[in-house]
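A.B. asks: Could you have a look at this structure, given as structure tokens, before my questions?
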Amino acid sequence: MEQFSENIFLTRREAATYLQAKYRVGAVGTLAKAVTVGGGPAFRKIGKRVVYLPSDLDAWARERMSEPMRSSSEYSRTA
């Protein structure tokens, strides 16, 4: 996995690569749609370009995760 500095802004493509490498989720199209309809990671704009901080991507991915489980039957109780 590439190393991403916390102080660097990632393009949408780089953000998708980061999420795929670290969490196995995220696609360029998913991020693009989320900018329009909401529900995605926090982003900023530089001119017309959307950019992301790695910490915002991490926070978004973690918000979507369940609590740790020891059995798949636990999932139905937490959903």
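Since every read-out is calculated from the coordinates, none of them should be taken as a lab result. Remember, predicted model here, so these are calculated numbers, not experimental data. Methodologically, a virtual Cβ is constructed for each residue, glycine included, from the backbone with ideal geometry; neighbour enumeration extends over all protein chains shown.
A.B. asks: Got a sec to turn the phi values of the range 18-28 into Karplus ³J(HN,Hα) couplings, 6.51 cos²θ - 1.76 cosθ + 1.60 with θ = phi - 60°, whole Hz, x for Gly and Pro?
C.D. replies: Listing the rounded values in order: 4, 5, 5, 5, 8, 10, 6, 9, x, 9, 4 Hz.
A.B. asks: Right, another one. Once you have the Cα-Cα distance between GLU67 and TYR23, take 0.36 nm times their residue separation minus that, and quote the gain in nm to one decimal.
C.D. replies: 14.3 nm
A.B. asks: Can you run phi through the Karplus equation (6.51, -1.76, 1.60; θ = phi - 60°) for the range 45-57 and list ³J(HN,Hα) in whole Hz, with x for Gly and Pro?
C.D. replies: 10, 10, x, 9, 8, 8, 9, 10, 8, x, 5, 5, 5
A.B. asks: Okay, moving on. How would the range 2-67 be classified by its alpha-carbon gyration tensor: rounded, prolate or oblate, with rounded meaning a/c under 1.5 and the a/b versus b/c comparison settling the rest?
C.D. replies: Oblate.
A.B. asks: So how do 13-25, 41-53, 62-74 stack up, highest first, on mean other-Cβ count within 10 Å?
C.D. replies: So the order, starting with the most tightly packed, is 13-25, 41-53, 62-74.
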